[in-house]
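These notes are about the structure you will find just below.
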Amino acid sequence: MSEDKTTHFGYETVGESEKAERVRGVFDSVATRYDLMNDLMSFGVHRLWKRFAVQLTGARAGQRVLDLASGTGDLAARVAGLVGPRGLVVMTDINAAMLARGRDRMLDAGRAGNVRYAQLDAEALPFPDGCFDCVTIGFGLRNVTHKERALAEMHRVLRPGGRALVLEFSHPTAAPLRAAYDLYSFQVLPRLGRLVADDEASYRYLAESIRVHPDQQTLKGMMEAAGFERCDVHNLTGGVVAVHRGFKL
C-alpha cells in the first residue's frame, strides 16, 4: 500500500487524500452565507474584481466557456450574458452544496438557457481536448491539491487561440499593505466568520490558504509550465488579488 503524500490545508500538513474532503467540509459549512460573507469581507469590492476578470476573458457571442470552482456563479452569470443564447457556459464545482446554490441563483436571474452544470474535480476534467474558447477559475485554484494538474487540464480543454483566467487572492506588493492585510486576515476575518456564519475555523483556513498560495510570479511560471503563452498578471487592490491570464496558441 503506497504512502499518502502530504500537502497544505492552510497551515496544516495533511495527506493529499484528506485535503479534498477537508475543503469540501469548509464549503459545505459556508455555502448558505457565502455571498453575504463575500460582500462583508471585501466591502463589496469583490464585485469589481470579478467584473475586471470577465472583461479580460474577451468572451463573445456564441463562444463556449468553462467556469471552474464556480461557487454561487458570479463569474458564470456575467460570462453567460456575454456569450448570449448561441453560446454556452459550463458552470462547475467540486462541492455539491455550492453548485446547488449557484444553480438556484442562475435560475432566479433568468440565466438558465445557456448554462449547464457539472460537479467535477478541476484536476481531471471530463471534456475532450480543445472544446472551450475560454476557461475561468475564480478564488478556487488555491483549494486545489495539485494546481499544476488543474492548469494542465485547463490548457488541454482550450481550443487554439483560447485563453484561461485565474482570479485569486495573492500577495500584496507593498510592505505597509501586507502588515494591515495580515492584521485583517488573522484578527478580523475569523471573528467575522464566527459572528455572521457561525464558523470561525473556515475563515481562518481562508486566510491561511491565501498565505501558502503561490505568489504572482510563481503562479505565472506555473501557467507557462502548463503550456500557456503570453501570460500576464494584473494586480488588483495592491496585489491583494491578482488576475493571471494565459493563451493557448
| Vicinal HN-Hα couplings computed from phi for the range 127-132 (Karplus, 6.51 cos²θ - 1.76 cosθ + 1.60; Hz; Gly/Pro x) | 10, x, 4, x, 10, 10
| Contact order normalised by residue count of the chain, Cα under 8 Å, 6+ apart, percent | 19 percent
| log₁₀ of I(q)/I(0) at q = 0.14, 0.17 Å⁻¹ - the range 63-209, Debye sum with one point per alpha carbon | -0.75, -1.00
| message | With every protein chain kept in place and ligands, DNA and RNA left out, what is the accessible area per residue of the chain? Probe 1.4 Å, answer in Å². | response | 45 Å²
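May I ask you to derive the relative contact order of the range 14-85, considering only C-alpha pairs under 8 Å and at least 6 residues apart, and to give it as an integer percent? Working shown, then result.
Values: 32 pairs, mean separation 19.4, N = 72.
Taking the mean separation of contacting Cα pairs over the length of the range 14-85, I get 27 percent.
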| query | Amide H neighbours of L88 under 5 Å, counting only residues 5+ apart in sequence or on other chains, H built in-plane at 1.01 Å? | reply | Q63, R64, V65
| request: Under 16 Å between C-alpha atoms is the cut-off here; go through the chain and count lysine pairs that meet it, provided they're at least eight residues apart or on different chains. | output: 5
| Gain upon complete extension [R47, S17; 0.36 nm per residue less C-alpha separation] | 7.5 nm
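At a 1.4 Å probe, what is the % contribution of carbon and sulfur to the accessible area of the range 142-249?
Working: 2520 of 4490 Å².
Roughly 56 percent, rounded to a whole number.
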| task | Any chance you could look up the accessible area of E123 with a 1.4 Å probe, heavy atoms only, rounded to 10 Å²? | result | 30 Å²
| task | State the three equivalent ellipsoid semi-axes of the chain, derived from the C-alpha gyration tensor as the square roots of 5 times its eigenvalues, in descending order and whole Å. | result | 26, 21, 19
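Scanning the chain for trypsin sites (Lys or Arg not before Pro) in DSSP loops with at most 15 other Cβ atoms within 10 Å, what's the longest stretch left with none?
Details: sites that count: K5, R60, R86.
The segment 87-249 is the longest one with no such site.
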| note | Ranked by GNM mean-square fluctuation in the chain (Cα springs under 10 Å), the top entry among H213, H171, H46 is H46
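The values are calculated or read from the model by the stated rules, or taken from the named source; none is laboratory data. Nothing here was measured: the structure is a model prediction, and the numbers come from that model. Counting neighbours? That spans all protein chains shown, and the Cβs are built from the backbone with ideal geometry, glycine included. Heads up: the accessible areas ignore ligands, DNA and RNA and are worked out on the full protein's heavy atoms, side chains in. Shrake-Rupley method; radii C 1.70, N 1.55, O 1.52, S 1.80 Å.
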